[in-house]
Amino acid sequence: GKYTSRHPAQVMVDVVQSPSECLPRQLTLEGCWGARTQVSVIRPKSLRPKVSIIVPLYNQGHLLGETLESVAAQSFQDWEVVVVNDGSTDDSREVAQRLVAKYQSLGLKMRLHNKVNGGLADARNAGIRLARGDYLFPLDADDLVLPQFLSQAVEVLAFNSSVNLVIADLKGFGAWEYSWRLPEYDPLDLRYTNMFHCSAVFPLSMWAAVPGGYPTTTLFGYEDWAFWIFAESLHGVRPHHIKEEQFMYRIRADSMHQSLLQNQDFGLASVRMLHPDLYPVELLLAAHDKFKEVSEKVRVLVKEKVEKFPYVSVVHLMAGMLSEGLGTHPQDAHGSGFYWEDAEASYTRARDLAAFHDWQPRWRLGLMLQRTGKYKESNATLAALFDDFSGLEDAYIGLSQWTSEKDLRFPLRRESQ
């Protein structure tokens, strides 16, 4: 026809009210093909809230009312609350239902989500998956926030494009009192010291940039610190520090934080093992050493992690190190098998689930195979590992310098030798 071309064409489709409008018409490049009508599009009746406040709840119903009251008292009101009952075993679910119904009757946006127990990080992730807001604000069920915080945080984020996280200083209250004036932020320092508490306002996109969200496998806590490290690595963290004590952290003698302080070495080791590409090899091998002799409390916690998160590599890595530490000889046995066989199976499972950049399962498996006399398999495993990662062969040669492992290590024999 008149307007033919060898190039790709764009086809225009009209929506018309009457078949008569489909009759042949004079076509021009400048004109349109016919009368167009407005197509109805289904749209939500209400706008998305600006901030989603995520409140994990486990057996703290007696404290939840005070926490939600501090949210309702915010001068900034464009928010929603998602309370996540993480399989509470007391009356917390019923308490949460009453409180949420009360605030809903006042026109406030609050919801309750019930789930099986998975721990604090898993509860946060579940709530965030239900979030509708542009920004997230994690708030634990026993903590409080002062009335001006959300207003200040949202204003900073709205008018300062160089900022993607707003956090305030912390005031501890309850069993005793203390203050935490947050340090000046440094991305490298973040790897070695926790520079934030959990209750910051940040965009949903930051959480979405971290595969899986908050890590569920840290021991005794530190899931927020592990998340911040991932967020810095994968998304970038540009914080604004409100130098006022606007976050109120409740201190209880039986709190999760107190348990962390008593088992801090294991919490720290579990964070570092999540980031094998960020820490020096000697620190990661030192983290492995922590699992050679552990308390029953640690053993039970790792077992629970394996049961709850069986498709996460690092829980099988920890389980393997626990089994390896229980044996001193291949024939050391328990009621249903041998410790080192269990360790080999756990390391194999961890290897199969691990991302390529995580060398730790292959390292542990290679050393375990060597300890059990499977030298050919060990050599093949370690040789392939050393081909994939620089620096690990030097660590193998100087193993006794890096860790407490003093077992004789045989020279690595490559197939080409």
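The Ala72 and Glu282 beta-carbon pair, evaluated with R₀ = 56 Å, returns a calculated FRET efficiency of approximately 0.65. With the cut-off at 31 Å, tell me which of the pairs Lys292/Lys376; Lys171/Lys292; Lys50/Lys243; Lys102/Lys243 have Cα atoms farther apart than that. In this structure, Lys171/Lys292; Lys102/Lys243 lie more than 31 Å apart at Cα. Between Gln331 and Ser151, the modelled labels are 7.6 nm apart [label points 7 Å from Cα along Cα→Cβ]. Positive contributions from Lys and Arg (+1) and negative ones from Asp and Glu (-1), summed over other residues with Cβ under 13 Å from the Cβ of Phe247, come out at -3. Note on Trp359: accessible area approximately 10 square angstrom, rounded to 10, probe 1.4 Å, nucleic acids and ligands left out. Neighbours of Trp340, meaning other residues whose beta-carbon lies under 10 angstrom from its beta-carbon, give a summed charge of -4 when Lys and Arg score +1 and Asp and Glu score -1. Amide H to amide H distances under 5 Å link Ala209 with no residue, where only residues 5 or more positions off or on other chains count and H is placed in the peptide plane.
Computed from phi, the 3J(HN,Hα) profile of the range 344-352 under the Karplus parametrisation 6.51, -1.76, 1.60 (θ = phi - 60°) reads 4, 5, 5, 5, 5, 5, 4, 4, 5 Hz, with x in place of Gly and Pro. With a simple spin-label model that places each label point 7 Å from the Cα along the Cα-to-Cβ direction, the separation between Ser162 and Ser105 comes to 5.0 nm.
Other residues lying with their Cβ under 11 Å from the Cβ of Val71 contribute a combined charge of -3, Lys and Arg counting +1, Asp and Glu -1.
Ligands, DNA and RNA left out, the accessible area of the range 64-190 computed with a 1.4 Å probe is 51% carbon and sulfur. Share of Cα-Cα pairs in the range 314-378 beyond 21 Å, in percent? When every Cα pair of the range 314-378 is considered, 17 percent fall beyond 21 Å. Under the shape rule built on the C-alpha gyration tensor, where the axes satisfy a ≥ b ≥ c, the range 67-215 is rounded, since a/c falls short of 1.5.
The values are calculated or read from the model by the stated rules, or taken from the named source; none is laboratory data. Treat the numbers as computed from the prediction; the structure is a model and nothing was measured. Note: ideal-geometry Cβ built from the backbone for every residue, glycine included; neighbour counts use all protein chains shown. What goes into the accessible areas is simple: the full protein's heavy atoms, side chains included, and nothing from ligands, DNA or RNA. Shrake-Rupley method; radii C 1.70, N 1.55, O 1.52, S 1.80 Å.
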